[in-house]
Amino acid sequence: MLSTVAAVRAARPDADLVLSMDPDHMPWGSRAPEAIVGRVLDGARAALDAADAGREHAALDAIVVPCNTASVHGLASLRAAFEPRIPVVGTVPPIKPAAARGGPVAVWATVATSRSHYQQGLIEEFGQGVEIESVPCPGLAEAIESADPGAVEAAVDHAAGRTSPDAAAVVLGCTHYDLVQKAVSDALAGRAELYTAAEAVAAQTLRRLGSAPAPALAPTGTVTVLASGRPVALPEEALAYAPGQDLARALQG
């Protein structure tokens, strides 16, 4: 979720954030859809409990799902559980803007997202007349999660080898992949433009809240980190990436 958190903090440095991770049940990418739905709901409830602690009224203004796999399988269930009381904002592969520039387009995603009906629907809806290929990336999210440079390189090279040499755009259909954009670009020899969703998700979150971006505000927003419902420090692996380093400074402040 680091790239989405960075985009939200850039737009509203005053926002209080609850980061609800689920390390006890990772990885999600190979899980059955019904199992993913259960984990998504549990993560949202944990965040709600943390935000509500000691308060008379619900403290969450919005639930943001900064994960493509969680979104393609769990958004409907989340919205049924929490809306209209709390708006729910999901993350989907940015296929629409990539297809709008022309093809061919490759969509890098987890195995679960690649095989989902949701992603296929996006391809069919926005890929009219544009060649779009799905490229499952087994192990890439897990390698990024563990901050293992060797494993990241191997997984990126594997995905690049399965990507058409004619691809003019690559959709990063997993928010983990945002953190290794340079490695992806290098593996593709810079031949494809990369598309990510973090800034669009942050903008949609503010729209749902009826709030305007205010990047000049003081960075007064607090950060709470949960690991499968337990309050924890930011994982050490997050410090391998610039957004994680920024969050660590926020936690220290």
(message) What pairs come out if I take residues in the range 12-36 that are among the small types (Gly, Ala, Ser) and pair them with residues that are open to solvent by less than 40 Å² (accessible area, probe 1.4 Å) and in a loop (DSSP other than H, G, I, E, B) whose C-beta lies under 6 Å away, six or more apart or interchain?
(response) ALA15/GLY221; GLY29/THR110
(request) Using the structure shown, decide if GLN181 is buried (at least 23 other Cβ atoms within 10 Å of the Cβ) and either in contact with a Lys or Arg (Cβ under 9 Å, 6 or more places away or on another chain) or of a type in the set (S, T, N, Q) (or both). (result) no
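Hey, can you tell me all the residues within the range 52-69 that are modelled with pLDDT under 85 and crowded, with 17+ Cβ neighbours inside 10 Å?
Here is the first cut: in the range 52-69, the ones modelled with pLDDT under 85 are 52-59, 68-69.
Of everything in the range 52-69, those that are modelled with pLDDT under 85 and crowded, with 17+ Cβ neighbours inside 10 Å turn out to be ASN68, THR69.
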(message) Looking at ALA200 and the list (1) assigned to a helix (DSSP H, G or I); (2) at pLDDT 95 or above, which single condition is not satisfied?
(response) (2)
(message) For the range 2-17, check the following and say yes or no: at least one residue is touching a His at 6+ places or on another chain (Cβ under 7 Å) and among the hydrophobic types (A, V, I, L, M, F, W, C).
(response) no
(request) Look at SER3 and say whether it is surrounded by fewer than 21 Cβ atoms within 10 Å (Cβ to Cβ), modelled with pLDDT of 90 or more and polar (S, T, N, Q). (result) no
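Quick test for you: out of ALA7, ALA50, pick the one residue that is touching a strand residue (DSSP E or B) at 6+ places or on another chain (Cβ under 6 Å) and aliphatic (A, V, I, L, M). Spell out the reasoning first.
Working: ALA7 fails: touching a strand residue (DSSP E or B) at 6+ places or on another chain (Cβ under 6 Å).
Selected residue: ALA50, the only one of ALA7, ALA50 that is touching a strand residue (DSSP E or B) at 6+ places or on another chain (Cβ under 6 Å) and aliphatic (A, V, I, L, M).
Of everything in the range 15-33 that's of a type in the set (D, E, K, R) and open to solvent by 50 Å² or more (accessible area, probe 1.4 Å), which residue is nearest to SER114 (Cα to Cα)?
Looking at the filtered set, the residue picked out is ARG31.
Only one residue in ALA147, ALA112 is open to solvent by less than 70 Å² (accessible area, probe 1.4 Å) and part of a loop (DSSP other than H, G, I, E, B). Which one? Before you say what the answer is, go through the steps one by one.
Details: ALA112 fails: part of a loop (DSSP other than H, G, I, E, B).
ALA147 is the lone residue from the list that is open to solvent by less than 70 Å² (accessible area, probe 1.4 Å) and part of a loop (DSSP other than H, G, I, E, B).
Collect the residues in the range 123-144 that are closer than 28 Å to LEU234 by Cβ, part of a loop (DSSP other than H, G, I, E, B) and either open to solvent by less than 10 Å² (accessible area, probe 1.4 Å) or touching a strand residue (DSSP E or B) at 6+ places or on another chain (Cβ under 7 Å) (or both), keeping them in residue-number order.
Quick first cut of the range 123-144, residues closer than 28 Å to LEU234 by Cβ only: 137-144.
Those still in the list that are part of a loop (DSSP other than H, G, I, E, B) too: 137-139.
CYS137, the sole residue that qualifies.
The values are calculated or read from the model by the stated rules, or taken from the named source; none is laboratory data. Because the structure is predicted, anything quoted here is derived from the model rather than measured. Reconstructed Cβ throughout: ideal geometry from the backbone, glycine too, with neighbour counts over all protein chains shown. Each accessible area value is taken on the protein alone, full model and side chains, heavy atoms only, with ligands, DNA and RNA left out. Shrake-Rupley method; radii C 1.70, N 1.55, O 1.52, S 1.80 Å.
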